[in-house]
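Peer 1: Quick one: the structure is below, and I'll ask about it shortly.
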Amino acid sequence: MSEEITSSPVPRKFLSVADAAEVLGLSEMTLYRVIQAKSFPAVRVGRRLFIPSQALDDMAAAAIASGGVVDAAEWRPAQAAG
């Protein structure tokens with residue numbers, strides 16, 4: 001009896017700073033600086049920082065929808081805007 005196991009990768013909800021920097025084409029230090037300046041969304045767990053992958057997706061969608069530039073320092077998720 002043979003079982004075929006298909007495992008589809010589960011999308012990650014959070015990215016490490018290193019992974020997010022690679023996706024964005026930035027250095028890790030640059031991303032750490034903008035996070036420290038409160039110009040980029042991040043979640044702190046203990047001493048580590050993580051980037052919500054949804055934030056990257058939402059910023060990309062906002063840039064596409066507007067046809068312009070989305071400034072991460074001024075961007076807020078739709079549900080938080082008020």
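Peer 1: Among the candidates V10, V17, V45, V34, which residue alone is surrounded by 13 or more Cβ atoms within 10 Å (Cβ to Cβ), more than 20 Å from E74 (Cβ to Cβ) and among the β-branched types (V, I, T)?
Peer 2: Details: V10 fails: surrounded by 13 or more Cβ atoms within 10 Å (Cβ to Cβ); V45 fails: surrounded by 13 or more Cβ atoms within 10 Å (Cβ to Cβ); V34 fails: more than 20 Å from E74 (Cβ to Cβ).
Exactly one of V10, V17, V45, V34 is surrounded by 13 or more Cβ atoms within 10 Å (Cβ to Cβ), more than 20 Å from E74 (Cβ to Cβ) and among the β-branched types (V, I, T), namely V17.
Peer 1: Also, quick follow-up: Which residues, taken from the stretch 10-27, are of a type in the set (A, V, I, L, M), under 15 Å from D57 (Cβ atoms) and out of contact with any strand residue (DSSP E or B) (no Cβ under 8 Å at 6 or more places or on another chain)?
Peer 2: Listed by number, the list holds a single entry, L24.
Peer 1: Still on this structure: Residues in the stretch 9-30: is at least one polar (S, T, N, Q), at pLDDT 95 or above and over 13 Å from the mean Cα position of the chain (by Cα)?
Peer 2: Yes, because at least one residue in the stretch 9-30 is polar (S, T, N, Q), at pLDDT 95 or above and over 13 Å from the mean Cα position of the chain (by Cα).
The values are calculated or read from the model by the stated rules, or taken from the named source; none is laboratory data. Source: prediction; values computed, not measured. Because the Cβ atoms are built from the backbone with ideal geometry, glycine has one as well, and the counts that use them run over all protein chains shown.
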